[in-house]
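**Student:** One structure is given below, represented as structure tokens, and several questions about it will come after.
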Amino acid sequence: TSAALVLLGGSVAALGVWKWLGKKMVQRKMEEARRTRDEGMKKMAKAVQQFREQVPSVQRDAILSLPLLELAGKLQEGSLSPRTVLYTYLEKVSALEVTQQTNCLRHFILECEEQLQEIEGHKEKGLLYGIPVSIKDHIGHKGQLATCGLVQFLGTLMEEDSVLVKVLKRQGAIPFAMTNVPQSLFSYNCSNPIFGQTLNPLNLQKSPGGSSGGEGALIAGGGSILGMGSDMGGSIRLPCSFCGLCGLKPTASRLRWVLALPFQPCPCQLGSRGNALGIPCALGPMARDVDSLALCMKALLCQEMFQLDPTVPPIPFNEQVFSSSTPLRVGYYDTDGYFPLPPCMRRAVKETRSALQAAGHQLVLFSPPRVPYVMTELFMKTCFADGGRSWLDVFTGDIVDPGLKSQVNSCKIPRLVKKLLALLLKPLQFLLLLKLKDVAMISTCRSVKEMWNHHHQIQEYRSQFIAQWKELQLDVVLCPVLGPAFTSGYPGKLLTAISSTMLYNVLDFPAGVVPVSTVTEADEEELKLYKGCCDDPWDRTLKQAVSGALGMPVAVQCVALPWQEELCLRFMKEVETLSRDK
């Protein structure tokens with residue numbers, strides 16, 4: 001018996017040592033990643049200093065203030081050189097004006113100087129000739145990491161560029177920075193244990209949104225003029241809403257990245273490994289204005305894209321649709337019936353509706369069908385079809401970010417316990433307080449037959465939605481987007497608040513965000529009276545999340561039918577113009 005006890009004690013001690021060694025190794029990897037980032041920043045700062053000594057007369061502020069279309073024009077005509085523009089933006093970032101405050105940068109792309117030399121030798125100038133472009137952490141770039149904020153991916157560099165990066169380069173763009181993301185990408189906060197928390201440059205108490213939060217912070221802080229993000233539940237649109245930017249989530253297959261990953265990708269890198277048929281992940285541009293988005297789409301929808309990735313439909317950008325001035329028939333709503341948004345976001349829809357009507361467009365009330373069903377049965381069930389097991393796998397041997405701990409713990413609860421909790425707590429209004437709201441919603445597909453039936457339900461819902469749209473003869477839809485920017489830490493407490501954006505991922509409709517206003521003192525006063533749906537802890541948490549946002553951007557969402565990105569952009573441009581004319 002004593003021998004057995006000694007053996008047991010030794011085993012426990014060995015297990016403890018093994019875990020301690022594992023944690024030490026994780027810490028070393030994270031420290032090395034941060035050190036590599038810091039060394040890259042020092043190298044860039046040195047290169048920028050050398051450029052400044054060689055060319056001391058650069059009008060830095062004038063270049064940084066140019067809209068993308070004007071900047072592109074000056075680069076095309078030769079009045080500005082790609083070298084001057086690149087080093088101007090590198091200086092803005094490497095001087096720590098943006099990165100020190102917000103922690104938005106993951107790594108500089110040191111190879112950007114090679115790309116600069118490459119385009120300087122070209123006779124033909126692409127549409128993005130000389131434009132510095134930032135890209136989200138997990139978009140494959142040769143020689144760079146694609147971490148998703150996870151330690152397990154720190155040791156593996158991309159062996160080649162993804163299709164998206166190849167096309168950007170062929171159009172003359174210079175990818176120069178990779179930006180921070182939330183751990184696993186499954187969050188609209190922007191924090192991971194490796195590179196830390198990213199903050200909103202407009203208010204450092206606020207989150208920049210996510211998962212393309214590093215992009216949002218870098219562009220809003222003036223450190224980038226054009227960025228590429230991805231969106232599977234609002235990951236382009238939420239950072240744009242929080243940071244006062246324009247962003248487009250296209251129909252998922254209109255742009256494809258074809259990740260060049262030298263390892264088995266995780267669900268967060270492909271959108272969802274087992275369920276990509278249900279809710280695909282879309283790539284899209286983020287910028288300061290709608291014209292920038294249109295130029296980017298025009299550049300990407302080219303022969304190179306169609307040749308490199310034959311699965312992308314060969315549909316070039318339709319300039320005629322984007323430039324049209326024909327009055328539109330616009331459906332609108334200011335609530336989706338699932339998650340009541342703060343007063344300022346509904347005000348934005350009402351004011352935009354009135355401005356559109358005054359400009360000669362026809363406005364029609366539209367009610368999106370069964371959004372609670374979409375959120376609980378379609379979206380969450382797709383993301384967690386296996387009970388979250390694939391998602392949990394990516395955290396093996398990793399440190400879980402504090403903002404994700406409640407979701408990770410939710411997925412660890414046995415399926416039977418989840419079902420019992422869902423039944424017991426359904427009548428109660430204290431789900432958020434107990435952090436069990438999302439647990440109750442996570443259901444699984446128990447068989448292949450059930451999975452196929454689930455995909456069929458998504459297709460049925462899409463058909464119903466399109467039929468309702470067609471019945472009203474709509475061109476586009478105007479609707480709210482989640483905002484204003486949440487105080488840091490709150491996105492993790494309100495996972496299901498993303499219904500306004502998530503709906504159009506399930507539908508796979510192109511959807512964009514345009515800032516139209518800012519939070520006023522009257523909005524803050526009205527927020528004090530906000531009770532949401534039931535004035536329960538969930539609603540009160542939202543109230544806390546968005547309070548103290550005076551002066552922060554307020555945006556609306558613009559939506560079109562699948563494959564009509566040009567019409568969506570045209571509508572966004574109209575909204576942008578009217579909001580600026582107020």
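**Student:** Kindly check whether there is at least one residue in the range 68-83 that is open to solvent by 40 Å² or more (accessible area, probe 1.4 Å), modelled with pLDDT of 95 or more, closer than 23 Å to residue 109 by Cα and outside any helix (DSSP H, G or I).
**Tutor:** Yes, there is a match, as at least one residue in the range 68-83 is open to solvent by 40 Å² or more (accessible area, probe 1.4 Å), modelled with pLDDT of 95 or more, closer than 23 Å to residue 109 by Cα and outside any helix (DSSP H, G or I).
**Student:** Of everything in the range 196-210, what is open to solvent by 10 Å² or more (accessible area, probe 1.4 Å) and under 27 Å from residue 143 (Cβ atoms)? Give them in sequence order. Explain how you work it out, then say what you get.
**Tutor:** The first filter runs over the range 196-210 and keeps only residues open to solvent by 10 Å² or more (accessible area, probe 1.4 Å), leaving 196-197, 199, 201-205.
Within the range 196-210, 196, 197 meet the criteria.
A quick yes/no check of all residues on (1) of a type in the set (Gly, Ala, Ser); (2) within 26 Å of the chain's Cα centre (by Cα); (3) assigned by the TED database to the domain that holds residue 123:
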residue: 53; (1), (2), (3): no, no, yes
residue: 56; (1), (2), (3): no, no, yes
residue: 61; (1), (2), (3): no, no, yes
residue: 65; (1), (2), (3): yes, yes, yes
residue: 71; (1), (2), (3): no, yes, yes
residue: 80; (1), (2), (3): no, no, yes
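**Student:** If you check 404, 416, 392, which single one turns out to be touching a residue at least 40 places away in the same chain (Cβ under 8 Å) and assigned to a helix (DSSP H, G or I)? Show your work before the answer.
**Tutor:** Numbers: 416 fails: touching a residue at least 40 places away in the same chain (Cβ under 8 Å); 392 fails: touching a residue at least 40 places away in the same chain (Cβ under 8 Å).
Criteria check complete, one pass: 404.
**Student:** In the range 391-422, what count of residues is obtained for those that are open to solvent by less than 30 Å² (accessible area, probe 1.4 Å) and of a type in the set (Lys, Arg)?
**Tutor:** 1
**Student:** To continue, here is another question. Report those helices (runs of 4 or more DSSP H) wholly inside the range 292-387 carrying at least 2 residues which are of a type in the set (S, T, N, Q) and at pLDDT 95 or above.
**Tutor:** Counting at least 2 such residues, we get 303-308, 319-323, 343-358.
**Student:** Only one residue in 60, 34 is surrounded by 11 or more Cβ atoms within 10 Å (Cβ to Cβ) and modelled with pLDDT under 95, so which one is that? Working first, answer last.
**Tutor:** Details: 34 fails: modelled with pLDDT under 95.
Answer to the check: 60.
**Student:** Regarding residue 565, is this residue more than 30 Å from residue 324 (Cβ to Cβ) and either not assigned by the TED database to the domain that holds residue 250 or not charged (D, E, K, R) (or both)? Step through it out loud before you land on a result.
**Tutor:** On the way: more than 30 Å from residue 324 (Cβ to Cβ): no; either not assigned by the TED database to the domain that holds residue 250 or not charged (D, E, K, R) (or both): yes.
Criteria not met by residue 565.
**Student:** Right, something else. Consider residue 535 carefully, then state whether it is modelled with pLDDT under 85, acidic (Asp, Glu) and open to solvent by less than 50 Å² (accessible area, probe 1.4 Å).
**Tutor:** Values: modelled with pLDDT under 85: yes; acidic (Asp, Glu): yes; open to solvent by less than 50 Å² (accessible area, probe 1.4 Å): no.
Answer is no for this residue.
**Student:** What do you reckon, is residue 168 in contact with a helix residue (DSSP H, G or I) (Cβ under 8 Å, 6 or more places away or on another chain) and assigned to a helix (DSSP H, G or I)?
**Tutor:** Numbers: in contact with a helix residue (DSSP H, G or I) (Cβ under 8 Å, 6 or more places away or on another chain): yes; assigned to a helix (DSSP H, G or I): yes.
Criteria met by residue 168.
**Student:** Sort through 578, 561 and tell me the only one that's surrounded by fewer than 21 Cβ atoms within 10 Å (Cβ to Cβ) and not in a helix (DSSP H, G or I). Full working, then the answer.
**Tutor:** Numbers: 578 fails: not in a helix (DSSP H, G or I).
Going through 578, 561 in turn, just one is surrounded by fewer than 21 Cβ atoms within 10 Å (Cβ to Cβ) and not in a helix (DSSP H, G or I): 561.
**Student:** Hey, any hits in the range 427-437 for a residue that's modelled with pLDDT under 80, within 18 Å of residue 379 (Cα to Cα), under 25 Å from the mean Cα position of the chain (by Cα) and outside the structural domain of residue 253 (by the TED database)? Don't jump to the end; show me each part of the working.
**Tutor:** So in the range 427-437, the residues modelled with pLDDT under 80 come out as 427-437.
Next cut, within 18 Å of residue 379 (Cα to Cα) only: 436-437.
With under 25 Å from the mean Cα position of the chain (by Cα) added as a condition, the list becomes 437.
Okay, now just the ones that are also outside the structural domain of residue 253 (by the TED database), so 437.
Checking the range 427-437: at least one residue is modelled with pLDDT under 80, within 18 Å of residue 379 (Cα to Cα), under 25 Å from the mean Cα position of the chain (by Cα) and outside the structural domain of residue 253 (by the TED database).
Yes/no matrix, rows are residues, columns are (1) under 24 Å from residue 467 (Cβ atoms); (2) open to solvent by 50 Å² or more (accessible area, probe 1.4 Å); (3) without any contact (Cβ under 8 Å) to a residue 60 or more places away in the chain:
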| residue | (1), (2), (3) |
| --- | --- |
| 331 | yes, no, no |
| 339 | no, no, no |
| 346 | no, yes, no |
| 353 | yes, yes, no |
| 357 | no, yes, yes |
| 361 | yes, no, no |
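The values are calculated or read from the model by the stated rules, or taken from the named source; none is laboratory data. Since this is a predicted model, take the numbers as computed values, not measurements. Cβ coordinates were reconstructed from backbone atoms using ideal geometry, including for glycine residues, and neighbour counts include every protein chain displayed. For the accessible areas, the whole protein counts, side chains as well, though only heavy atoms, and no ligand, DNA or RNA atoms are used. Shrake-Rupley method; radii C 1.70, N 1.55, O 1.52, S 1.80 Å.
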